[in-house]
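Student: Can you read through this structure? Questions will come right after.
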Amino acid sequence: MQASFTFTGTPETYIASRGPDVPILFFDPAALHTRFALFQSGFPGLVTYAVKANDTIEVIENLHMAGLTTFDVASPVEIARVRDLCPDATLHYNNPVRSAREIQMGVQAGVASWSVDCISELEKLIAQGATGEIAVRLHLPMGGSAYNFGEKFGACPEDAVTLLQRVARAGYQAAMTFHVGTQCTDYSAWDHYITTCYDIAQRAGVTLSRLNVGGGFPAHRDGVAPDLTAIFAQIATSVERTFGHKPPKLVCEPGRALVSECYQLLVRVKGRKANNILYLNDGIYGAMAEWRDIGPVKRLEIMRPSGDAVTDQVDPFSVFGPTCDSLDRLPGIVALPHTIQDGDYILISGMGAYSNVTCTPFNGYGVVRRVTIAP
Ligand SMILES: Cc1ncc(COP(=O)(O)O)c(C=O)c1O
């Protein structure tokens, strides 16, 4: 992974002074600190970070420096990365399917908490000598998110009861976890899951050491900033209503909502054809990979190479990425100033999550330079 370097100025002055021809992710450390402070002060429990959303040095180190102690990791590579940057960090390995070798690496790295969603994977954890906490991951068939991770992972309530009993019998701290799906804007999803977790723990006759309410907290994608404080309040109310005066300690593991605002993506127009067709220097094989699945981010600023804003009346455009694949097209029709031209720039806000981590080098593109903006 290439390093980020620091520029004193703004994206506009960077454009004017450097005229970059490759895509750039501009990092704003203050935005990351602000968002982490919101979680720290508002979430009624331990705030951890899902490294998969953005694994850059600057994100991991800034969060750690700001007081984040615990990282949710999904693979040995993420484990090594966090251990390298923050040797004293606590690790939660919450990818519920792991090879025996991966479990051994987690054990060696001192993983403190594991999630599991089926009996064969639980037996594998026990056989490989995992210690600490095991959280049973629940899946409920429900909507409300832009993309439902539950399709892939999670036990149904009946199986979760059996798993929880086996976890407790094997001598682990027994916890539960779930993921409402990423970019979840139906705040009642957390209530539904929390109520069902309570029910499962009751049926299993197990006292939960902790309840991990996962990630899924929404980011600001289209002009309406989500109310994270309302989600925190909803979670606190649900836990109080169901678990009463003996609630489990709470954990959350946001990815997207923590890092989304701390990067802006700068892309450049490579060419304009008749009928309002544009080609950019990045696309769905690059930092916009998830747009095909969950829709585009609509917070765009258009600039000339001078850094001046272009605010002319908009027209509908078809926008393609730089590769030779016709699939490399931004979803839908994009509203852009009718005067946009070859060499102009588009600055896209809210691009910190699932952008650099999902880039591919297809056709020699997808390399996104990272620049830290120092005001
Ligand atoms: C176990 C787990 N926790 C947390 C996250 C982060 O989710 P989000 O970025 O929607 O907050 C994910 C995303 O895949 C996940 O799989």
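The values are calculated or read from the model by the stated rules, or taken from the named source; none is laboratory data. As the structure is a prediction and not an experimental result, all values here were calculated from the model. Cβ atoms come from the backbone with ideal geometry, glycine included; neighbour counts cover every protein chain shown.
Student: Would you say Thr339 is in a loop (DSSP other than H, G, I, E, B) and not basic (Lys, Arg)? Working first, answer last.
Tutor: Numbers: in a loop (DSSP other than H, G, I, E, B): yes; not basic (Lys, Arg): yes.
Taking the combined requirement at face value, the residue satisfies it.
Student: Based on this model, can you work out whether Ile231 counts as among the aliphatic types (A, V, I, L, M), within 16 Å of the ligand (Cβ to nearest atom) and surrounded by 19 or more Cβ atoms within 10 Å (Cβ to Cβ)? Can you show your working first?
Tutor: On the way: among the aliphatic types (A, V, I, L, M): yes; within 16 Å of the ligand (Cβ to nearest atom): yes; surrounded by 19 or more Cβ atoms within 10 Å (Cβ to Cβ): yes.
Against the criterion (among the aliphatic types (A, V, I, L, M), within 16 Å of the ligand (Cβ to nearest atom) and surrounded by 19 or more Cβ atoms within 10 Å (Cβ to Cβ)), Ile231 qualifies.
Student: A further question on this structure: When you look at Ile284, is it surrounded by 18 or more Cβ atoms within 10 Å (Cβ to Cβ) and part of a strand (DSSP E or B), yes or no?
Tutor: Values: surrounded by 18 or more Cβ atoms within 10 Å (Cβ to Cβ): yes; part of a strand (DSSP E or B): no.
Criteria not met by Ile284.
Student: Also: Go through (1) closer than 30 Å to Gly321 by Cα; (2) more than 14 Å from the chain's Cα centre (by Cα); (3) of a type in the set (Ser, Thr, Tyr) and name the single condition Ser260 misses.
Tutor: (2)
Student: Considering each of Arg221, Arg241 in turn, give the residue that is within 16 Å of the ligand (Cβ to nearest atom) and either crowded, with 16+ Cβ neighbours inside 10 Å or at pLDDT 95 or above (or both).
Tutor: Details: Arg241 fails: within 16 Å of the ligand (Cβ to nearest atom).
Testing whether each residue is within 16 Å of the ligand (Cβ to nearest atom) and either crowded, with 16+ Cβ neighbours inside 10 Å or at pLDDT 95 or above (or both) leaves just Arg221.
Student: Among the residues of region 171-191, write down those that are in contact with an Asp or Glu (Cβ under 9 Å, 6 or more places away or on another chain) and more than 12 Å from the ligand (Cβ to nearest atom).
Tutor: Let us first name the residues in region 171-191 that are in contact with an Asp or Glu (Cβ under 9 Å, 6 or more places away or on another chain), namely 172-175, 177, 179-182, 187.
Listed by number, the residues that qualify are Tyr172, Gln173, Ala174, Ala175, Tyr187.
Student: Of all residues in region 56-81 being in a loop (DSSP other than H, G, I, E, B) and in contact with a helix residue (DSSP H, G or I) (Cβ under 6 Å, 6 or more places away or on another chain), which is surrounded by the fewest Cβ atoms within 10 Å (Cβ to Cβ)?
Tutor: Of the residues in region 56-81, the ones in a loop (DSSP other than H, G, I, E, B) are 56, 66-69, 74-75.
Keeping just the survivors that are in contact with a helix residue (DSSP H, G or I) (Cβ under 6 Å, 6 or more places away or on another chain) gives 66, 74.
Working: Ala66: 15, Ala74: 19.
So the residue we want is Ala66.
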